[in-house]
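One structure follows; several queries about it will come next.
Bear in mind these aren't lab numbers, they're just calculated from the coordinates by the rules spelled out. Computed from a prediction, not measured in an experiment: that's the story for all the values here. Here the Cβ is made from the backbone with ideal geometry for all residues, glycine too, and neighbour counts use every protein chain on show.
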Amino acid sequence: MNHLPKVSVVILNWNGKQHLETFLPSVYNSQYENLEIVVGDNASTDDSIAFVKTNFPCIKIIQNSENLGFAGGYNEILKQVDADYFILLNSDVEVTPYWITPVINMMESDKNIAIAQPKVKSYFCRDQFEYAGAAGGFIDKYGYPFCRGRIFDTLEKDKGQYNDTKEIFWASGCALFIKSAAWKRLGGFDADFFAHMEEIDLCWRAKNLGYKVMYCGKSEVYHVGGGTLDIESPYKTYLNFRNNCYLLKKNIKPSRSSFLIPLRFCLDFLALLRFAFQRKFKNAAAISRAHRAICVALFSGKIKYNKDVISTPNKTGLYKKSIVWDYFISGKKHFNDLDI
């Protein structure tokens with residue numbers, strides 16, 4: 001009899017009782033025999049943990065003593081989880097009963113697959129892809145991330161166009177499958193990211209070691225999005241712009257990042273002006289604050305190039321053109337419009 005890999009679904013919670021009430025039942029009803037469900041709590045001050053203990057007493061609870069953010073929170077929780085596979089699942093995700101098996105079967109078929117994601121659709125518009133992951137993540141030559149099914153603010157309807165299995169560049173952090181051995185080799189998330197884009201960094205580091213990151217269209221989940229930080233939050237804007245440059249510094253050779261980061265500052269300034277014209281002054285100020293933080297991190301040596309790279313890293317999913325040009329100038333709003 002073949003060994004069925006042990007899978008731990010780990011939900012990081014921070015004051016998320018409402019989400020747990022709504023979405024934990026679907027996770028609890030997941031159809032996979034060798035399954036453990038863990039709620040990792042980031043020092044919540046609501047009664048979400050009391051809710052889990054009362055209503056789902058067989059779910060394991062691990063509590064952090066302080067809010068360590070998404071990255072640090074998962075790093076600490078997963079030190080205490082023993083499984084062949086970890087699934088990092090946001091608390092605002094509704095899963096389907098058989099969402100686990102197709103992804104695990106795919107990952108078991110190839111030892112080089114380290115990370116994967118299911119199809120991520122909108123909880124509120126269920127025929128539409130969701131912003132955070134859609135049908136798999138890609139990145140352009142300037143470091144701008146985008147997805148099959150979502151480029152910038154354009155979301156596609158799911159018409160079966162991405163019902164495939166495909167190698168991608170990065171997997172969504174809202175429902176991220178990873179082999180525990182790969183997680184440990186990579187050292188987990190970079191806690192300096194705190195939240196946002198830490199999953200892209202994790203995937204990029206994995207690909208620099210030759211691993212594959214995959215998308216499995218046979219599995220579907222439904223994501224609310226903006227569960228902790230609203231998409232228009234100035235703090236989210238700050239983290240996204242700051243962390244995007246962190247990504248470039250860590251994962252691109254210094255000879256290229258020394259050119260690319262100043263160029264990104266110029267492009268980011270255009271985004272700042274766009275926010276200002278839209279009278280979103282707090283978001284515009286957040287970009288300026290992000291740039292100051294980047295300068296401090298670079299000059300202090302806090303963020304350094306990660307030298308743990310093989311001679312021929314896996315670059316599948318790296319778009320060799322500019323997604324900004326293609327989207328805003330050439331009018332290519334959908335993934336299948338791109339030359340990729």
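Can you give the helix-only mean residue ellipticity at 222 nm for the chain, where every DSSP H stretch with n ≥ 4 adds -39500 (n - 2.57) and the sum goes over all residues, rounded to the nearest 500 deg cm²/dmol?
-11000 deg cm²/dmol
Let me ask something else about it. Taking neighbour counts of Cβ atoms within 10 Å as a proxy for exposure, in what order, fewest first, do S219, S26 appear?
Starting with the residue having the fewest Cβ neighbours, the order is S26, S219.
Moving on to the next point. For each pair in K79/K282; K166/K253; K179/K253, compute the distance between the two Cα atoms and list the pairs where it is over 31 Å.
K79/K282
Which order do W14, W325, W204 fall in if you start with the one that has the fewest other Cβ atoms within 10 Å?
W325, W14, W204
Taking square-rooted eigenvalues a ≥ b ≥ c of the alpha carbon gyration tensor, is the chain rounded, prolate or oblate, where a/c under 1.5 means rounded and, failing that, a/b exceeding b/c means prolate?
Rounded.
Based only on Cα atoms, what mean projected area does the convex hull of segment 234-309 have, in nm²?
Computing the convex hull of the Cα atoms and averaging its projections yields 4.8 nm².
While we're on this one: For labels at Y235 and F152 in the simple 7 Å Cα→Cβ model, what's the distance in nm?
Reported label-point gap for Y235 and F152 is 2.8 nm.
Quick one: longest stretch of the chain between exposed loop GluC sites (Glu not before Pro), exposed meaning at most 16 other C-beta atoms within 10 Å and loop per DSSP?
Between the exposed loop sites, the longest stretch runs 67-231.
What chymotrypsin sites (Phe, Trp or Tyr not before Pro) in segment 40-84 are in a loop by DSSP, with at most 14 other Cβ atoms within 10 Å of the Cβ?
Sparse-neighbourhood loop chymotrypsin sites (Phe, Trp or Tyr not before Pro): none present.
A follow-up question, please. Between segment 279-320 and segment 68-145, how far is it from one alpha carbon centroid to the other, in angstrom?
Here the answer is 22 Å between Cα centres.
Which order do C216, C58, C203 fall in if you start with the one that has the fewest other Cβ atoms within 10 Å?
C58, C216, C203
Would segment 1-43 count as rounded, prolate or oblate if I go by the C-alpha gyration tensor, calling it rounded below 1.5 in a/c and otherwise prolate when a/b exceeds b/c, oblate otherwise?
oblate
May I pose another question? Counting other C-beta atoms within 10 Å, and keeping those with at most 15, which DSSP coil trypsin sites (Lys or Arg not before Pro) do you find in segment 159-216?
When the trypsin sites (Lys or Arg not before Pro) of segment 159-216 are filtered for loop state and at most 15 Cβ neighbours within 10 Å, K159 remain.
Evaluate the relative contact order of the chain (contact order divided by residue number), counting alpha-carbon pairs under 8 angstrom at least 6 apart; express in whole percent.
The value is 19 percent.
Apply the Debye scattering formula to segment 3-148, with a single equal point scatterer on each alpha-carbon and no solvent, then give log10 I(q)/I(0) at q = 0.18 Å⁻¹.
-1.20
If I fit a long axis through the Cα atoms of helix 198-208 and take the longest principal axis of the Cα atoms of the chain, what angle between them do I get, 0 to 90°, rounded to 10?
80 degrees
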